[in-house]
Amino acid sequence: MLGLLPFIIGVVKDYVRISGIRSLGEFYGVNITRNYSTLLALASVLNVYFSWFAIIKTMFTESIIWRGRVFTVMDAVKLMKERPLK
């Protein structure tokens, strides 16, 4: 049961957050229903698993293609040597 506590707290936190948005005005109250709020809060549990999947996947990634250019770990190391953070 203790292992489920972070998930339960996350769902409650998200539900409270979404309910707060609903209370901002009539537009939000009409368009964000109670059922929609509950579904969004429960979907936050899936986000935990997706985040772990993404973290594990990036551990084995050697390069990234972004906007047609390939970036590697060595590019980052080279950049840090050329322009170190001060």
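Scanning segment 1-28 for residues that are surrounded by 13 or more Cβ atoms within 10 Å (Cβ to Cβ) and of a type outside the set (A, V, I, L, M) yields F7, G10, D14, Y15, R17, S19, R22, Y28. Quick one: S37 ticks every box in (1) more than 24 Å from L4 (Cβ to Cβ); (2) in contact (Cβ under 8 Å) with a residue 12 or more places away in the chain; (3) not basic (K, R) bar one, so which box is it? Condition (1) is where S37 drops out.
Looking across segment 14-32, the residues that are assigned to a helix (DSSP H, G or I), in contact (Cβ under 8 Å) with a residue 12 or more places away in the chain and not hydroxyl-bearing (S, T, Y) come down to D14, I18, R22. The set of residues in segment 29-60 being among the hydroxyl-bearing types (S, T, Y), surrounded by 10 or more Cβ atoms within 10 Å (Cβ to Cβ) and either within 22 Å of the chain's Cα centre (by Cα) or at pLDDT 85 or above (or both) consists of Y36, S37, T38, S44, S51. Scan segment 6-24 for residues that are farther than 18 Å from V48 by Cβ and basic (K, R) and the total you get is 1.
The values are calculated or read from the model by the stated rules, or taken from the named source; none is laboratory data. None of these values were measured; they are calculated from a predicted model. Note that we place each Cβ from the backbone using ideal geometry, even for glycine, and neighbour counts take in every protein chain shown.
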